[in-house]
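Contents: one structure, followed by commentary.
The values are calculated or read from the model by the stated rules, or taken from the named source; none is laboratory data. These numbers come from a predicted model, not from an experiment. Cβ atoms come from the backbone with ideal geometry, glycine included; neighbour counts cover every protein chain shown.
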Amino acid sequence: MNKQGQHVSQFQASFKVFQRNRLAVACLSVLGLLYFLAIFADFFSPYSYDNEDRNYSYCPPMKVHMVNQDGSLSWPYVYGTSFVFDSFHKRIYTEDKTQKYTIRLFPKGDAYRLLGVIPWDRHFFGVETKGRLHLWGADSRGRDLLSRLLWGSRVSLSIGLIGVLISFVFGLFIGGISGYYGGWIDTLVMRLCEMFMMVPGFYLMLALRAAFPPNLNSLQIYLLVVVIFSFIGWASLARVIRGMAMTLKQREYVLAAKAMGLSDLRIIRMHILPHTMSYSIVAIMLSIPGYIMGESALSLLGLGIQDPYASWGNLLSEAMGIVQIRFAPWILLPGLFIFITVICFNVVGDALRDALDPWLKAEGQS
Amino acid sequence: MKLLEINNVRKYFSTSRHFLGKAHHLTRAVDGVDMTIDQGVSLGLVGESGCGKTTLARIAMNMIKPDTGDVFFEGQNMGHLPRMQRRLLPSLMQMVFQDPFSSLDPRFSIRNILKEPMAFSSLTRGEQEQKMYELLAAVGFSEHILERFPYEFSGGERQRIAIARALMMQPKLLILDEAVSSLDVLVQEQILHLLSLLKERFGVTYFFISHNLRVVKKLCPKIAVMYQGKIVEMGPAEILFNNPLHPYTKRLLLAAISYRAQNVVAEQEVLDEKRLCEKEKGHFVLE
């Protein structure tokens, strides 16, 4: 209870502790922004993920100008670019000061469906279709890196979330059943878990991917990767949940529920699993980065999302050669995004653990 | 009319196991118990901790399967109940547990705690609400507490909520497993008083388990004394109190009066060969 004598729920109390951690709140906002951008990627990106112009291959990030050549202030604009080949047949891009393209809000561009339903062709910003805008440079085929980053974040960010949710549903359910029933069911399930945990995750991932045909379409590959991750991820959670279920089932309210004639599944659902929630939330937060990195690793090796579709790992695969890194360092940007996302999830997960800790402890003891 | 009949029930637990899974050592939690509870005649079961009272209660509740023996509820063998009837069991028999701090799920509001037993009830929503208010009033709460959570209540208050929950299904038999043992003496009095009122009002019979003779005497006209998994003496409360025959009963009675009692009667082993004999009408002793 607080000073006013009002009921303070567990959530409210934990939220207060969480709020005091400024870094975590900042990281949570960053994550929120990333997911927001990912959901509306087609609107916020100036181009579609496969809009290419070979004249802009490895075009470096364009400068945004706000001052005209005569010194007067102007709405932000970029110049057109032209290139010459140097002695190694490398393109040297220079600004073509005769062409000036103003960066406009809500210009017409590639058509898309907002949220998958509303057909639209306006983008958040961009230049008229004669010119091209590459704020963060372009890749080998002259596709806008910023646009591909935003499109790729859809895959990279959602795969972590969906994968984690699926594997947690399995982990909670299987762990709950195993711990609640005990006996030979428990032995069987736990030995199975250990078999999964025994195999190094990355090689299991590769083996599973190799077990499926290589010529799948992008949606199939996406689903396949999600399933592979869930397949690997459930075991470790199931083990912990099983341990918690074993102590929780001895609480008298579980016996009381049994005496009331409630079914076992209902008892697991109502009286066992909810008490593992604070642990699960923290575990979810801390394991999402693993999924994001796993997807990146698969795509980096060319086993995940295939070109022309974008994901952060897939984008990074272009940066595997020293030449690209030397002459077009901006294609490493997806790595920065992976880094930021992973750090943010870890910080938020740690802060959540601190915030929920009194409850974790209280539930462990009583 | 016989409500609950327990016939030669045994339950052994293995305390240590061979590495191949063979039991090394057996604890005889319940070792050949016979007893009956008649409709309207509450039975008190007394015994020291670890004598098998709780195991017996759980066997009676059909939560543990006995190794041998049968339990009959209103003449029906509970071991061989068809599925449909097993569903009905909770509405005939309910249980209140020892620790009021752990018997209510801390994540459930009082409303949800009270609603839980009604999951299979045939009552309509309105009737369930009605029933809930009636029982809350019966255990001395107003309906304002419905949205509150268990941690906001004291031990005695929680136990009252647990009793209300157990009575939601209008059981005929209520098993109280050390239901007042963890409460302080004054709160014990309150709860015992409440229980005696509820007995009249809802026509429920108690199977009251305690280690405390004094507490049992207040509520139960009939008392059974349990020692090392066996019933050593059973009979009407006055007779048992005035004329205890078994040495263990004597010790218990003395212990209730003074601390020196332990030395008065030497430790008595219960032998397997002994049987319950009827000394006078309704008064049984293990001999």
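A few points about this structure:
- Among the residues of segment A:64-91, those that are surrounded by 10 or more Cβ atoms within 10 Å (Cβ to Cβ) and within 20 Å of A:Arg143 (Cα to Cα) comprise A:Val64, A:Tyr77, A:Val78, A:Tyr79, A:Gly80, A:Thr81, A:Ser82, A:Phe83, A:Lys90, A:Arg91.
- Any hit, segment A:256-272, residues being farther than 21 Å from A:Ser140 by Cβ, among the polar types (S, T, N, Q) and out of contact with any helix residue (DSSP H, G or I) (no Cβ under 7 Å at 6 or more places or on another chain): yes
- Only one of B:Lys199, B:Lys131, B:Lys172 that is more than 26 Å from B:Met35 (Cα to Cα), touching a helix residue (DSSP H, G or I) at 6+ places or on another chain (Cβ under 9 Å), modelled with pLDDT of 85 or more and of a type in the set (D, E, K, R): B:Lys131
- Residue in segment A:130-143 that is among the hydrophobic types (A, V, I, L, M, F, W, C) and within 22 Å of A:Ile267 (Cα to Cα) present: no
- Residue list for segment A:168-184, filter: among the aliphatic types (A, V, I, L, M) and loosely packed, with under 14 Cβ neighbours inside 10 Å: A:Val169
- Exactly one residue out of A:Phe229, A:Phe202 is within 19 Å of A:Ile159 (Cβ to Cβ), surrounded by fewer than 17 Cβ atoms within 10 Å (Cβ to Cβ) and away from chain B (no Cβ under 14 Å): that is A:Phe202.
- Strands (runs of 3 or more DSSP E) wholly inside segment B:1-112 containing at least 3 residues that are within 14 Å of another protein chain (Cβ to nearest Cβ), crowded, with 16+ Cβ neighbours inside 10 Å and in contact with a Leu (Cβ under 6 Å, 6 or more places away or on another chain): B:93-96
- Exclusive hit being among the aromatic types (Phe, Trp, Tyr), in contact with a Phe, Trp or Tyr (Cβ under 8 Å, 6 or more places away or on another chain), within 30 Å of B:Arg83 (Cβ to Cβ) and touching a residue at least 24 places away in the same chain (Cβ under 8 Å), set B:Phe108, B:Phe120, B:Phe97: B:Phe108
Conditions (1) of a type in the set (D, E, K, R); (2) modelled with pLDDT of 85 or more, marked per residue:
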site	(1), (2)
A:Arg113	yes, no
A:Val117	no, no
A:Asp121	yes, no
A:Val155	no, yes
A:Ser158	no, yes
A:Ser167	no, yes
A:Gly175	no, yes
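- From the options A:Gly137, A:Gly116, residue that is crowded, with 17+ Cβ neighbours inside 10 Å and not polar (S, T, N, Q): A:Gly137
- As a summary of the residue check, B:Leu183 satisfies the conditions (1) in a helix (DSSP H, G or I); (2) among the aliphatic types (A, V, I, L, M); (3) modelled with pLDDT under 90 except for the one numbered (1).
- Single unsatisfied condition, B:Glu189 versus (1) over 28 Å from B:Ile59 (Cβ atoms); (2) buried (at least 16 other Cβ atoms within 10 Å of the Cβ); (3) among the acidic types (Asp, Glu): (2)
- Test: residue in segment B:113-127 that is buried (at least 20 other Cβ atoms within 10 Å of the Cβ) and part of a loop (DSSP other than H, G, I, E, B): no
- Meets criteria (part of a loop (DSSP other than H, G, I, E, B), out of contact with any Lys or Arg (no Cβ under 8 Å at 6 or more places or on another chain) and farther than 28 Å from A:Tyr56 by Cα) for A:Gly116: yes
For (1) farther than 19 Å from B:Leu43 by Cβ; (2) touching a Phe, Trp or Tyr at 6+ places or on another chain (Cβ under 6 Å), each residue gets a yes or a no:
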site	(1), (2)
B:Arg58	no, no
B:Met61	no, no
B:Lys65	yes, no
B:Gln130	yes, no
B:Leu135	yes, no
B:Val139	yes, no
B:Glu143	yes, yes
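- Among residues that are modelled with pLDDT of 85 or more and either small (Gly, Ala, Ser) or within 23 Å of A:Leu301 (Cβ to Cβ) (or both), A:Ala207 is not included.
- Out of B:Arg201, B:Arg214, one residue alone is within 17 Å of the chain's Cα centre (by Cα) and of a type in the set (D, E, K, R). It is B:Arg214.
- The criterion of being polar (S, T, N, Q) and either in contact with a Lys or Arg (Cβ under 6 Å, 6 or more places away or on another chain) or not assigned by TED's automatic domain parsing to the domain that holds A:Ala238 (or both) does not hold for A:Thr187.
- Candidates in segment A:257-272 are the residues that are free of Cβ contacts under 8 Å to residues at least 12 places away in the same chain and small (Gly, Ala, Ser); of these, the one that is farthest from the other protein chains (Cβ to nearest Cβ) is A:Ser263.
- Every test in (1) away from chain B (no Cβ under 11 Å); (2) under 29 Å from the mean Cα position of the chain (by Cα) is passed by A:His275 save one, and that test is (1).
- Cβ-Cβ distances below 8 Å connect the following pairs, each with a first residue in segment B:53-74 that is closer than 11 Å to B:Lys11 by Cβ, a second residue that is in a helix (DSSP H, G or I) and among the hydroxyl-bearing types (Ser, Thr, Tyr), and a separation of six or more residues or different chains: B:Ile64/B:Thr55.
- The number of residues in segment B:129-145 being under 27 Å from A:Leu265 (Cβ atoms) and either outside any helix (DSSP H, G or I) or within 14 Å of chain A (Cβ to nearest Cβ) (or both) comes to 0.
- Meets criteria (in the same structural domain as A:Tyr222 (by TED's automatic domain parsing) and buried (at least 22 other Cβ atoms within 10 Å of the Cβ)) for A:Ile322: no
- Within segment B:146-171, the only residue that satisfies the criterion of being part of a loop (DSSP other than H, G, I, E, B), away from every other protein chain (no Cβ under 12 Å) and surrounded by 19 or more Cβ atoms within 10 Å (Cβ to Cβ) is B:Phe153.
- Residue match in segment A:242-254 (condition: without any contact (Cβ under 8 Å) to a residue 12 or more places away in the chain, surrounded by fewer than 20 Cβ atoms within 10 Å (Cβ to Cβ), under 30 Å from A:Gly137 (Cα atoms) and out of contact with any strand residue (DSSP E or B) (no Cβ under 6 Å at 6 or more places or on another chain)): no
- Residue list for segment A:75-85, filter: among the hydroxyl-bearing types (Ser, Thr, Tyr) and touching a residue at least 24 places away in the same chain (Cβ under 8 Å): A:Tyr77, A:Thr81
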